[in-house]
């Protein structure tokens, strides 16, 4: 029973951040879109459903811009220190923050598509993304960190792979991700 509960918690940790973000975005859209539709119709007699998506995009872009200013950095630092005090929220926030930074931040991690010679007996290769050139920090300088996204899913696995088993692929990271996530069903567009 204890093991079953452990699996339940593990599943919750995987699903909760995505579900919370989806709910927040849905709630924000419903609130903003409802307010805009109601007031635009009342003030101007115009009904434009879906305007909330544009408003959310503009608000998030504005927040991102403001977040880069020197005035907001102390507030972000204070918020980060507060989150460190709450164990579960700290775990969720740092995990999501690292994941988003890896995809779209200044330090993009999923920008080097590679193929890895995975099974010499059967000659199998696997496509993924090189996320770390060396694992010196754990005493394994001959290993690289390679992330393998799952097909038809937004999850994946991280393997530590010998450098000699890795070959870089000359395609864009977006094309590689699309190919992997689709299970190899999409056509790779070469630049």
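The values are calculated or read from the model by the stated rules, or taken from the named source; none is laboratory data. Not measured: the values here are computed from a predicted model. Quick reminder, even Gly has a Cβ in these numbers, built from the backbone with ideal geometry, and neighbours come from all protein chains shown.
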Revision key, fill the gap. Here the qualifying pairs (Cβ atoms under 6 Å; residues six or more apart or on different chains; first in segment 41-64 and in the same structural domain as residue 29 (by TED's automatic domain parsing) and at negative phi; second surrounded by 10 or more Cβ atoms within 10 Å (Cβ to Cβ) and in a loop (DSSP other than H, G, I, E, B)) come out as 41/47
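Do the conditions hold for residue 128, that is, is it within 30 Å of residue 188 (Cα to Cα), at pLDDT 80 or above and surrounded by 10 or more Cβ atoms within 10 Å (Cβ to Cβ)? So that I can check it myself, show each step before the final result.
Numbers: within 30 Å of residue 188 (Cα to Cα): yes; at pLDDT 80 or above: yes; surrounded by 10 or more Cβ atoms within 10 Å (Cβ to Cβ): yes.
So residue 128 fits the description; yes.
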Practice item. Name every residue in segment 170-189 that is surrounded by fewer than 16 Cβ atoms within 10 Å (Cβ to Cβ), at pLDDT 70 or above and closer than 20 Å to residue 130 by Cβ, in order of residue number. Key: 170, 172, 174, 188
